[in-house]
Amino acid sequence: MIVRKILIVEDESVVRLHLRQIVEKMGHSIVGLAASAEEAIKLAAAETPDLVLMDINLKGEQDGVDAAKVISTRHGSAILFATAFADSETIRRTEQASAMGYVLKPFTEGAVQAALATALSEHQRMVEIREKEQALAGIIGSLGEAVLHLDSELQVRFLNPAAESLVWTTEGDLLGRKLIEVLHPSQEEAQDLLDVLNTVVLNDERALLPAFSHQNRQGREALVSGTIEPIKSKTKANSYVVLLRNLSRRSDNAPAPVVAPKETGGPRLLIYSHDTFGLGHLRRSLNLAYSLVKTVPDLSIILVTGSAMAHRFQLPAGVDYVKLPAVRKVASERYSSRSLGVSDEDVWSIRSNLLLRVVRDFRPNLLVADHSPAGMKGELRPTLNWVRDHLPKCKTVIGLRDIIDDPAAVKSTWRAQGIYELLQESYDHIVVYGDQEYFDPVEAYGFPTSIAHRTHFVGHVVEEIECPEVNNSQNTVPKILVTTGGGDGAVDILAGGVLAALAGGHVNGEVEVTLLPGPLAPEETLAALKIEAAKVGAKVMDFVDSSSPYMAAADLVICTAGYNTATQVLRYARRALMIPRVMHRQEQLIRATLLSELGCVRFLHPDHLDPQTLGETISACLANGDEALSQARATGLFNFQGAENFARFCTDLLQGSKLSTEAAHD
């Protein structure tokens, strides 16, 4: 048991002795015996007891209740009253002293022991609660974000130092005031805020606060945004927590940069591409880089990539790359090192620190993140925070592919990871590499109005290369190209499935088959594929700089449905059979379904990929004389100017001009 320090205050010596015997019998320590309130207060100051056994009726000017109030307030000691009176007035006074209970005289040994044990247990629980509250207050107080706690009427009950410095007055003046009065936005902004607050109260749901302007105590204008979230008791919210963030590019007390070299030469642009799966992110980033250096004079670009294949691609003049340790996506939101024998936490730390170091030394004028707003497991967040505080003129852009995943899954993940807040607070612009008419992520993924207004659609990003005109009408043997993108998945299913269909005689007539399994295909899978390909006369190519010329030359392209592969098919192929990879997300399934519904491609679900079904579908595609993709291009169904439009978009940002929405669509 834990030995507690007990102070006994009793003016009758016999009762005092009896209580001492009971306490010592329980194994606790007696730190003092007092007969008056004054003596008890002095002993408590010297010994800081855990509990005071206090007689109420003491001789002198102060009684036991008076002494208990002083001791409890100053030292946090538990109070257990001993009294011969149980009238309502006595009970009321003991409650005012925050007593843990009381025992009635004459008492038994068992009654005192039970009351003492209960009081000590409750006191220990209260001590632990106070310690947690103090620790929490310390943590909240150290946060850079402004934190306010509101009651059920949206009145301020607490705010941390960051909130006090952000808003226009001090804590003492704020407590009990309505949040809208504390933030004092303009009349127009106030109505928007009120609408959000009323919705939160009505629906008990977390919400983004629209950005608004206000003056801080120094009279400086600050752009502020944040979130409000209900704190629920059982089913109904009884209070709310508000997080506010100053979106102004440099905080008033931001530390000076460690290194601030003089900027020379042309503008600098950094592209971050997390590259945890396949080659799509790397290829898209390179397509953008090629277009950017052609459009922006004297531009220097650093591509920070995690791709294990970055060294296989030629870079244009003005572009270089920094390689992050490669990781492999093993499940939804789970990654592990491709080659290093280190923990996932160590890989994350290395990548995050490298990224921050490059940005600090390169000091870009424009930072572009590809696909992942927070980076792999949030590795980009420290860099975004540093840019906000130390590079006030650096513009930040997040580039998103049109289809990310199933809308419900994206919204759930983004809410859990705070991505909506990150988009609002850390990015100046959101760019979508696609057409809003084809797929609208603003609607599908629930972009708040403040984010939707900063979202620009530039069209599909695809490489532009010269593909020689091919007339296959004279060919007696149809050409089939099979590609699985980077080769990080579905090689055995798709390429192996085609070979099985050929071996089983399920494809009508003679065909010429070329397989592009991708450079990331596992060696053992690639070796087995070559053996099976040799049996049916198919050709396997480990790596090609671009699959686009092969698509243009083929009578039929059989492929997965990733963004890059799909855009190449739409741009260069004539016919396509898409078999989406359905592993960690539904992106490819959604894209293949949409393109099939538009009549551009044929589509097979991988669950139905038996050799006979696949062979019959291939035969049907080849027998159809229509070139659906050629027809789609002729009618201008898709916009393939994404890289060029994005380069013009970035040119305007680098020049500091105000970009209109129309400019992004030119």
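The values are calculated or read from the model by the stated rules, or taken from the named source; none is laboratory data. Not measured: the values here are computed from a predicted model. Note: ideal-geometry Cβ built from the backbone for every residue, glycine included; neighbour counts use all protein chains shown. Keep in mind that these areas ignore ligands, DNA and RNA; they rest on the heavy atoms of the full protein, side chains included. Shrake-Rupley method; radii C 1.70, N 1.55, O 1.52, S 1.80 Å.
Please work out, to two decimal places, the log10 of the ratio I(q)/I(0) at q = 0.17 Å⁻¹ from a Debye calculation in which every Cα of region 516-611 carries one identical scatterer.
The computed values of log10 I(q)/I(0) come out as -0.85.
Which aspartates and glutamates does LYS479 reach when only Cα atoms under 12 Å apart count, and residues fewer than 8 places away in its own chain are ignored?
GLU510, GLU512, ASP555
Taking a threshold of 22 Å on the Cα-Cα distance, which of the pairs LYS25/LYS132; LYS323/LYS377; LYS42/LYS69; LYS25/LYS69; LYS323/LYS393 fall above it?
On the way: LYS25/LYS132 33 Å; LYS323/LYS377 18 Å; LYS42/LYS69 14 Å; LYS25/LYS69 28 Å; LYS323/LYS393 26 Å.
In this structure, LYS25/LYS132; LYS25/LYS69; LYS323/LYS393 exceed 22 Å between Cα atoms.
Mind checking which aspartates and glutamates have their Cα closer than 12 Å to the Cα of LYS59? Skip sequence neighbours fewer than 8 apart in that chain.
Once the sequence-local aspartates and glutamates are set aside, what remains near LYS59 is GLU10, ASP11, GLU12, GLU38, GLU39.
Provide the FRET efficiency to the nearest 0.05 for the ARG157-ALA623 pair, computing r from the beta carbons and using R0 = 60 Å.
Values: r = 74 Å, r/R0 = 1.23.
That gives a FRET efficiency of 0.25.
Among the aspartates and glutamates, which fall within straight-line cross-link reach of LYS178, defined as a Cα-Cα distance under 14 Å, with same-chain neighbours fewer than 8 residues apart omitted?
ASP151, GLU153
Taking the Cα of LYS178, stepping 7 Å toward and past its beta carbon, and measuring to each backbone N in region 191-215: which are under 16 Å?
Those under the cut-off are 191-202.
Of all DSSP beta bridges located in the chain, what percent are antiparallel, nearest 5? Show your work: numbers first, answer last.
Details: 31 of 94 bridges.
Within the chain, antiparallel bridges account for around 35 percent of the total.
Using a simple spin-label model with points 7 Å from Cα along the Cα→Cβ vector, what separation in nm is obtained for ASP406 and GLN191?
Modelled inter-label distance: 4.0 nm.
Defining a contact as two alpha carbons under 8 Å apart and six or more residues distant in sequence, what relative contact order in percent does region 1-111 show?
23
Mind checking the angle between helix 407-417 and the chain's longest principal axis? C-alpha axes, 0 to 90 degrees, to the nearest 10.
40
Alpha carbons only, please: Rg and Dmax for region 1-137, in angstrom.
When restricted to the Cα atoms of region 1-137, Rg and Dmax are 14.1, 46 Å.
Quick one: if you stick a label point 7 Å off each Cα along the C-beta vector at THR199 and MET541, how many nm between them?
5.1
Along its three principal axes, how long is the chain when you only count alpha carbons? Whole Å, largest extent first please.
Answer, in whole Å and largest first: 119, 59, 46 Å.
On the accessible surface of the chain, probed at 1.4 Å, how many percent belong to carbon and sulfur atoms?
On the way: 15120 of 30210 Å².
So the carbon and sulfur contribution to the accessible surface is 50 percent.
Find how much the distance from ARG206 to ASP440 grows on full extension, using 0.36 nm per residue of separation minus their present alpha carbon separation; answer in nm with one decimal.
Contour length minus Cα-Cα distance gives 81.8 nm.
Hey, what D do you get for region 83-128 in µm²/s if you plug the Kirkwood alpha-carbon radius into Stokes-Einstein at 37 °C and 0.692 mPa s?
The diffusion coefficient I find is 285 µm²/s.
Sort 18-25, 350-357 by packing, meaning the average of other beta carbons within 10 Å per residue, with the highest value first.
350-357, 18-25
Taking Cα atoms, how many degrees apart are the long axis of helix 13-25 and the longest axis of the chain, rounded to 10 and kept between 0 and 90?
30
For region 29-78, list log₁₀ I(q)/I(0) at each q in 0.26 Å⁻¹, using the Debye formula over Cα point scatterers of equal strength and ignoring solvent, two decimals each.
At q = 0.26 Å⁻¹ the computed log10 ratios are -0.96.
Let me know the volume per residue of the alpha-carbon convex hull for region 591-648, in Å³.
Here the figure is 107 Å³ per residue.
To the nearest Å, what is the center-to-center distance of region 186-207 and region 520-577, using C-alpha atoms only?
So the separation of the two Cα centres works out to 52 Å.
Evaluate E = 1/(1 + (r/R0)^6) for GLN655 and GLU95, where r is the Cβ-Cβ distance and R0 equals 56 Å; express this FRET efficiency to the nearest 0.05.
Details: r = 71 Å, r/R0 = 1.27.
The calculated FRET efficiency here is 0.20.
In terms of modelled amide H atoms, which long-range or inter-chain residues lie less than 5 Å from the amide H of ALA369?
TYR272, VAL397, ILE398, GLY399
Would you kindly calculate the translational diffusion coefficient of region 423-556, applying Stokes-Einstein with the Kirkwood radius from alpha carbon pairs, for 20 °C and a viscosity of 1.002 mPa s, and quote it in µm² s⁻¹ without decimals?
Taking Rh from Cα pairs, D becomes 119 µm²/s.
Rounded to the nearest 0.05, what FRET efficiency is calculated for GLU616 and ARG125 with R0 set to 51 Å and r the Cβ-Cβ distance?
Details: r = 72 Å, r/R0 = 1.41.
With R0 = 51 Å, the Cβ-Cβ based efficiency is 0.10.
Subtracting the Cα-Cα distance from 0.36 nm times the residue separation, let me have the gained length for ALA452 to SER213 in nm, one decimal.
Going from the current span to full extension adds 84.1 nm.
Output the peptides 120-128, 175-183 sorted from most to least packed, where packing is the average of other Cβ atoms within 10 Å over each peptide's residues.
Descending packing order for the listed peptides: 175-183, 120-128.
Write down the accessible area per residue of the chain in Å², having rolled a 1.4 Å probe over the full set of protein chains.
I get 45 Å² per residue for the chain.
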